[in-house]
1. Give me the Kirkwood hydrodynamic radius of the stretch 26-67, using the inverse of the mean 1/r over all pairs of distinct Cα atoms, in Å to one decimal.
2. List the relative contact order of the stretch 2-50 as a percent without decimals, with contacts defined as Cα pairs under 8 Å and 6+ residues apart.
3. Which lysines have a Cα lying under 28 Å from the Cα of Lys80, excluding residues fewer than 8 positions away in the same chain?
4. Extent of the stretch 153-283 along each principal axis, from alpha carbon coordinates, in Å, largest to smallest?
5. Can you pull the Kirkwood radius for the chain, inverse mean 1/r over Cα pairs, to one decimal in Å?
6. Could you work out Rg/(2.2 N^0.38 Å) for the stretch 1-128, with Rg from alpha carbons only?
7. What does the convex hull of the alpha-carbon atoms of the stretch 109-215 project to on average, in nm²?
8. If you average the sequence gap of Cα pairs under 8 Å that are 6 or more apart and divide by the length of the chain, what percent do you get for the contact order?
Amino acid sequence: MNDRLKTIVDLEKYPIQDLRSQKIKELISKCNDELDQFSCSTIPNFILPQSLEVMNEELKHKIDKVYMSNKSINSYLYSKDDPLLPKNHPKRIFMERDNGYLNSDLFEKNSEMKFLYEQEELLKFISACLGVSPIYRWADPLACHAYNVMKPEGVLPWHFDSCEFTLSLMIQKPEKGGIFEYCPFIREPGNENFDEVKKVLDGDRTRVRQLKLEPGDLQIFKGRFTLHRVTKVEGNKPRYLCIPAYVLDPWRVNTPEHSEAIYGKVLPIHIERNKPRSDGLTD
Ligand SMILES: [Fe+2]
């Protein structure tokens, strides 16, 4: 039994260290179904309350190191216009963004979140829930398990993620707003489906689903194929989340453009590993 893990995850309710236990088998089956159907699955009260407090403290302790990005950005996380594309192309639709990250390289060695991310028990459990094996921890040293900060009035517009799979761990909920919205599987490898993406950007709600996360809940999400956003945070309380991420390619990291725009800096690894993706999707 992993002594520290049991102080973070509610292992009595969710014994993730034993994937053969009946409780976990049933949970994996439910997550498989939801992820296949909706690209998203939530496990309530996964993190214990005292661990949430530790995570909140470690973020608040470094809050002045959070990089806030407020550039206008398109759904593919670029802020540069391409005038060669038709005027109404989704790549030419830029949206207001006000959202920040405490980059993973700023976490203390002994960090609660970093520890959780590095546990094999969690990796294997998530892999089973996704029905995808192997998956890997993200090699990006800034983005792999960053804390996400949305201040009052903050907004995260429609976008696709660079990594295939993310976890969202809500650690502080805003008073109002800050709702996660998503359009399951609107694109797939080799098919950007620009017409449908454009409809959503224009305000069509047909495909849009909402998810209400509570502190301690764990959301598993396929963000590379699912357009998603977070609505404006209302009230005085910021929204805090941690976003540990998993990938299919253990070598890949963010592009230099994404790293600069979202995490505020580019490291040599972003330049060395800046190669085209094999799934044919805009990155
Ligand atoms: Fe995202």
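1. Answer for the stretch 26-67: a Kirkwood hydrodynamic radius of 12.8 Å.
2. Contact order relative to length: 45 percent.
3. Of all the lysines, those that pass the test against Lys80 - Cα under 28 Å, at least 8 places apart if same chain - are Lys65, Lys71, Lys91, Lys151, Lys198, Lys199, Lys222, Lys232, Lys265, Lys275.
4. Sorted from largest, the Cα extents of the stretch 153-283 read 42, 33, 23 Å.
5. The Cα-based Kirkwood calculation yields 19.2 Å.
6. The value comes to 1.41.
7. Mean shadow area of the hull around the Cα atoms is 8.8 nm².
8. 25
Since every read-out is calculated from the coordinates, none of them should be taken as a lab result. Every value quoted in this text rests on a predicted model; they were computed, and no experiment measured them.
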